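What follows is one structure encoded as structure tokens, with my remarks underneath.
The values are calculated or read from the model by the stated rules, or taken from the named source; none is laboratory data. This is a predicted model, so every value here is computed, not measured. Don't worry about glycine lacking a Cβ; one is built from the backbone with ideal geometry, like all the others, and counts go over all protein chains shown.
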Amino acid sequence: MLNFLRTTVLIAALTAIFMAVGYFVGGTGGMIIAFVIAALTNLFAYWNSDKMVLRMQNAFEVDPRAQPDLYNTVGGLAQRAGIPMPRLYVINTEQPNAFATGRDPQNAAVAVSAGLLRDLEPREVAGVIAHELAHIRNRDTLTMTLTATVAGAISSLAQFGLFFGGGNSRDNPLGPIGVLVAVIVAPIAAALVQMAVSRTREYEADKDGAEISGDPLALASALNKISQIAHRTINVAAERNPAQAHMYIINPLSGQRMDNLFSTHPNVENRIAQLQRIASEMQVDRTGRRAEPRPGNPRVAPKENGGGWRVPSTGGSEDGNSSRGPWG
């Protein structure tokens, strides 16, 4: 509830910034126009954002015949999360990463990259998917889309006012100075609010994803691997559309891995530390199993009764050759 209230306040702050830009550019009339634009922009994003994001990130839909093991993984975790099976996409990039999109759990999609399926083990892939399903269950996908849309509109409106020499309205006491302030300050303020929303939701999705999968350390291991590989592997689609970078589980852009005001994602070490604490509280070991019951500790469930849903063991092939996992 606290995170929901915090996110609501941040979205309201973005809308207020948008309206303030409209006021500095065109006075009271400009503020009203800005509010209408914000409403129309968000309405468009509500219905079409998932299609736009998937297309712009070079994602293509796959079915159970193309990716049977991946489909089973997503289906099992979605059942544990209590949400419908989302549409499944593969992102055409060698960078290991993933994101979720969609306006609600009934109209959601999970996209994982070809690099993620290649570089991560099945348990780690399941941990990443559980994180994305947590975003869907918490309706973060809609929240993040709306914040990105409004933040982008703020920058566009401020540039529009500067280009057309706004600020001459009688209702605007600051005149051209107000436009200059809007152009410089408003986009920065909007970016800070957007990043604050993103970081808040990532921590919460890590926590809820760990509970969905029952395997916090698998997600921690996945985050560690992705962060190490992602910063040296170019994601062309993400670089072309940096406003969508906050949707990924790890920042797909270079040079933004610090946990500061200008980062779209929390520091990876901080996220891993949180997951390690959760694993300790859940008494789950590095294999994803619950700890054996100990005398005097009746809260610990027997191993066969705990541990949560697991990715099917890949083992070796029938000809005796081992494989890295069902996704290659």
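Within this structure, A114 passes the test of being over 16 Å from N48 (Cβ atoms) and small (G, A, S). Working carefully through the options M19, M52, find the one that is over 13 Å from T143 (Cα atoms), among the hydrophobic types (A, V, I, L, M, F, W, C), surrounded by 15 or more Cβ atoms within 10 Å (Cβ to Cβ) and within 18 Å of the chain's Cα centre (by Cα). The unique qualifying residue is M52. Could you check, for the range 153-167, whether at least one of its residues is surrounded by fewer than 18 Cβ atoms within 10 Å (Cβ to Cβ), modelled with pLDDT of 80 or more and either within 20 Å of E132 (Cβ to Cβ) or of a type in the set (S, T, N, Q) (or both)? Checked against the condition, which is being surrounded by fewer than 18 Cβ atoms within 10 Å (Cβ to Cβ), modelled with pLDDT of 80 or more and either within 20 Å of E132 (Cβ to Cβ) or of a type in the set (S, T, N, Q) (or both), the range 153-167 yields no hits at all.
Just checking, does the range 80-95 include any residue being part of a helix (DSSP H, G or I) and over 30 Å from I184 (Cβ atoms)? Break it down into steps so the answer makes sense when it comes.
The initial filter retains those residues of the range 80-95 that are part of a helix (DSSP H, G or I), namely 80-81.
Cutting the leftovers down to over 30 Å from I184 (Cβ atoms) gives us 80-81.
So far as the range 80-95 goes, yes, one or more of its residues are part of a helix (DSSP H, G or I) and over 30 Å from I184 (Cβ atoms).
Residues in the range 203-228 that are within 15 Å of D119 (Cα to Cα) and not small (G, A, S): L219, L223, N224, K225, I226, Q228. Taking the criterion of being at pLDDT below 95, touching a Ser or Thr at 6+ places or on another chain (Cβ under 9 Å) and more than 18 Å from Q244 (Cβ to Cβ), the only residue of the range 68-93 that qualifies is D69.
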